[in-house]
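What follows is a single structure, written as structure tokens, with notes after it.
Values in this text are rule-based calculations from the coordinates and carry no lab data. Since this is a predicted model, take the numbers as computed values, not measurements. Cβ atoms come from the backbone with ideal geometry, glycine included; neighbour counts cover every protein chain shown.
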Amino acid sequence: MISGEQKKVLQRSLPGLILEDEPLAPKTAFKTGGRAAVFLQPETLTDLRRAVETLAEMELEFLLLGGGRNLLVGDAGVRDRVVISLTRGFSDYTIVGSDRGTVMVRVEAGVQLAELIRLSAISGYGGLENLAGIPGTLGGALAMNAGAFGSTIFDKIAAVSLIHTGKLEWRSVAELDPGYRDGGLEAQDIVVAAYFMLPRKAPSEVAGKVAEIRQLRRLRLPSGAHAGSVFKNPDGDYAGRLLEEAGCKGLACGGARVAQEHANVIVAGSKATSRDITTLMQEMRERVKSSCNVMLEPEIRIVS
Ligand SMILES: Cc1cc2nc3c(=O)[nH]c(=O)nc-3n(C[C@H](O)[C@H](O)[C@H](O)COP(=O)(O)OP(=O)(O)OC[C@H]3O[C@@H](n4cnc5c(N)ncnc54)[C@H](O)[C@@H]3O)c2cc1C
């Protein structure tokens with residue numbers, strides 16, 4: 001629990017960057033969960049580094065919030081860690097080099113993936129088309145190693161710039177060694193930017209593929225408040241198939257319900273709590289365990 005005294009010290013040390021008791025539900029895909037005792041919004045790298053240094057001196061841990069598209073925040077909120085959001089700044093992208101076939105783009109962590117893909121389509125930079133429609137920020141996509149249709153965010157990354165134990169460092173993709181829905185970051189690493197190497201293509205070709213992928217996703221996913229897949233696919237199979245076979249479609253708990261369109265998606269109704277969602281997830285796991293002896297692992301990150 002962050003004490004009142006610690007909040008005062010933070011307000012004094014980091015003026016203008018701190019909000020107290022900030023509601024997190026509107027910032028997440030499920031629209032559930034409590035408040036952040038301390039919510040930190042640095043606008044610049046200097047602010048962020050100063051904030052990280054202050055938190056280290058105070059021995060306070062932190063949690064990064066990107067677009068909240070893969071996070072389930074507990075109903076009691078986040079009381080013992082500082083929640084850091086990079087979406088107030090960290091929104092630049094710059095072409096840093098190019099030749100006839102490729103461009104190198106530096107993209108900051110707070111940029112929405114959708115915005116990056118929109119600009120790639122306009123400019124004729126390929127390689128990200130399969131990721132069209134994945135919501136959230138670049139920082140979140142890298143932390144999660146977000147992917148779809150056989151591609152992942154790391155496919156076109158040359159290097160990632162991050163803050164590790166207070167220092168600004170570089171990581172190559174080989175050093176991070178990302179795995180399935182895991183970008184290989186260490187617990188308190190903060191992604192600040194990434195360098196993409198994107199092949200030049202005709203803008204119409206990129207835009208056409210992006211539109212096709214968006215259409216495919218629209219057909220597969222339900223509407224309403226949800227965070228995409230709740231569980232990771234187990235080796236060689238699909239969580240959605242196992243959940244459907246275990247009779248999970250339509251299962252409900254309080255205001256949360258397993259989508260009829262996709263058994264690996266939970267839709268949160270307006271009265272849903274985070275507790276409803278975690279209880280439903282437990283029931284889904286137990287059903288799959290008893291029907292086919294597979295223990296599903298959550299893809300969404302549950303924080304409290
Ligand atoms: C409708 C819908 C469809 C989806 N479809 C897909 C899909 O097809 N494929 C897929 O992979 N995912 C999918 N997702 C999940 C989600 O979009 C991705 O995981 C996305 O990359 C999360 O980004 P975010 O910015 O919202 O991250 P958040 O949800 O805010 O955070 C996710 C994780 O990243 C960490 N993080 C965030 N920013 C940083 C940073 N700067 N530095 C370090 N760590 C950070 C957080 O602490 C957290 O652990 C879907 C979600 C929705 C709502």
Members of the stretch 1-33 that are without any contact (Cβ under 8 Å) to a residue 60 or more places away in the chain and under 30 Å from S223 (Cβ atoms) = P23, L24, A25, P26, K27
inquiry  = For the stretch 107-125, check the following and say yes or no: at least one residue is basic (K, R) and either within 19 Å of T165 (Cα to Cα) or assigned to a loop (DSSP other than H, G, I, E, B) (or both).
reply    = no
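Given the criterion in a loop (DSSP other than H, G, I, E, B), under 30 Å from V52 (Cβ atoms) and within 16 Å of the ligand (Cβ to nearest atom), identify the matching residue among A227, A263, A272. Can you show your working first?
Details: A263 fails: under 30 Å from V52 (Cβ atoms); A272 fails: under 30 Å from V52 (Cβ atoms).
Answer to the check: A227.
With the condition kept exactly as written, say whether any residue in the stretch 163-176 is touching a Gly at 6+ places or on another chain (Cβ under 7 Å), closer than 16 Å to E299 by Cβ and more than 7 Å from the ligand (Cβ to nearest atom). Steps first, please.
Our first condition is that a residue be touching a Gly at 6+ places or on another chain (Cβ under 7 Å); within the stretch 163-176, this holds for 176.
Now restrict to residues that are closer than 16 Å to E299 by Cβ: none.
No.
Tell me, which residue of the stretch 266-285 that is out of contact with any Pro (no Cβ under 8 Å at 6 or more places or on another chain) and crowded, with 22+ Cβ neighbours inside 10 Å is farthest from P26 (Cα to Cα)?
Step one: list which residues in the stretch 266-285 are out of contact with any Pro (no Cβ under 8 Å at 6 or more places or on another chain), which gives 266, 268-280, 282-285.
In the following step, the residues that additionally are crowded, with 22+ Cβ neighbours inside 10 Å were identified as 266, 268, 272, 274, 276-277, 280, 284.
Details: I266: 17, A268: 13, A272: 13, S274: 13, D276: 17, I277: 16, L280: 21, M284: 26 Å.
The qualifying residue farthest from P26 (Cα to Cα) is M284.
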key: Number of the condition not met by A246 [criteria: (1) touching a Ser or Thr at 6+ places or on another chain (Cβ under 7 Å); (2) of a type in the set (A, V, I, L, M, F, W, C); (3) within 15 Å of the ligand (Cβ to nearest atom)]   = (3)
